[in-house]
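**Q** The following block contains the structure, expressed as structure tokens.
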């Protein structure tokens, strides 16, 4: 089992490893929750990454519905265009969406909002581009302590790299609900959804890098030493979660639904 990526390409790792092991199954739940979606509906996949939500939408709905994906990361958008060139992709900022008022009937956002510097501004922008009665469905992970595999690996990383600044787990349900209400959305509901992750390989180094550790106190040799030690200890964690073929563990996310007045 491959557990390390020495010079990870984030977009490639996301599409090749994380989409099939995590994000595809959660994207399918998100799309099912969005039903019914009509052929005239205009849909935005906000914070689309490599485009898995948009691709599931197209798979389920065919070519009639207008589907647009937007992400702030140029490599992610480049990968999305490579994987699904038939869809419409935009590089852009969630806090200043490059779309006219009332451009969409449905906005789906999978694991994006917790990373936005000004979340309130992003939600105001979503309200602006939604038509009256349009819907927002947004997911954010529950705290790391609720994610057995990621919590175990996170504790290992902290032992070797110090305190993390991991935004992945930084927007839980009560805060998410309050933010949507403050932004003026109606009919706000927050539920939790759990799926079993199944990893053929796990990018230990990339996962640690995504946690926002401050590595500036270490020179290159010391960083290499610490990451090597982290990977060695993490390999034992991965063995504990292995079923003999894959690394498997449940994870859990918040899913909020809301309506633009």
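**Q** Which fully enclosed helices (runs of 4 or more DSSP H) of segment 159-247 have 3 or more residues being more than 20 Å from residue 257 (Cα to Cα), in contact with a helix residue (DSSP H, G or I) (Cβ under 7 Å, 6 or more places away or on another chain) and modelled with pLDDT of 95 or more? Full working, then the answer.
**A** On the way: elements: 173-182, 204-209, 220-240.
Per the criteria, 220-240.
**Q** How many residues does segment 30-63 hold that are more than 11 Å from the chain's Cα centre (by Cα) and either farther than 25 Å from residue 201 by Cα or surrounded by fewer than 18 Cβ atoms within 10 Å (Cβ to Cβ) (or both)? Talk me through it step by step, then tell me what you get.
**A** Filtering segment 30-63 for residues more than 11 Å from the chain's Cα centre (by Cα) gives 30-45, 54-63.
Right, trim to either farther than 25 Å from residue 201 by Cα or surrounded by fewer than 18 Cβ atoms within 10 Å (Cβ to Cβ) (or both) and you get 31-45, 57-63.
Selection size over segment 30-63: 22.
**Q** Read through the list (1) surrounded by 15 or more Cβ atoms within 10 Å (Cβ to Cβ); (2) closer than 23 Å to residue 148 by Cα, then give the number of the only condition that residue 232 fails.
**A** With (1) surrounded by 15 or more Cβ atoms within 10 Å (Cβ to Cβ); (2) closer than 23 Å to residue 148 by Cα applied to residue 232, the lone miss is (1).
**Q** Scan 136, 153 and give me the residue that is outside any helix (DSSP H, G or I), surrounded by 15 or more Cβ atoms within 10 Å (Cβ to Cβ), touching a residue at least 12 places away in the same chain (Cβ under 8 Å) and touching a helix residue (DSSP H, G or I) at 6+ places or on another chain (Cβ under 6 Å).
**A** Among 136, 153, only 136 is outside any helix (DSSP H, G or I), surrounded by 15 or more Cβ atoms within 10 Å (Cβ to Cβ), touching a residue at least 12 places away in the same chain (Cβ under 8 Å) and touching a helix residue (DSSP H, G or I) at 6+ places or on another chain (Cβ under 6 Å).
**Q** Follow-up. Considering only residues that are touching a residue at least 40 places away in the same chain (Cβ under 8 Å), touching a strand residue (DSSP E or B) at 6+ places or on another chain (Cβ under 7 Å) and either at positive phi or not in a strand (DSSP E or B) (or both), which ones fall in segment 64-96?
**A** 94
**Q** Any residue at all in segment 45-54 that is in a helix (DSSP H, G or I), under 17 Å from residue 10 (Cα atoms), touching a helix residue (DSSP H, G or I) at 6+ places or on another chain (Cβ under 7 Å) and modelled with pLDDT of 95 or more?
**A** Looking for residues that are in a helix (DSSP H, G or I), under 17 Å from residue 10 (Cα atoms), touching a helix residue (DSSP H, G or I) at 6+ places or on another chain (Cβ under 7 Å) and modelled with pLDDT of 95 or more, one finds at least one in segment 45-54, hence yes.
**Q** Here's a follow-up. Under 7 Å between Cβ atoms, at least 6 apart or on separate chains: pull out the pairs that start in segment 24-43 with a residue that is more than 22 Å from residue 14 (Cβ to Cβ) and end on any residue that is modelled with pLDDT of 95 or more and part of a loop (DSSP other than H, G, I, E, B).
**A** Sorted first by the residue in segment 24-43, then by its partner, the pairs are 42/103.
The values are calculated or read from the model by the stated rules, or taken from the named source; none is laboratory data. Note that the structure is predicted; figures quoted are calculated from it, not measured. Every residue, glycine as well, gets a Cβ built from its backbone with ideal geometry; the counts of neighbours run over all protein chains shown.
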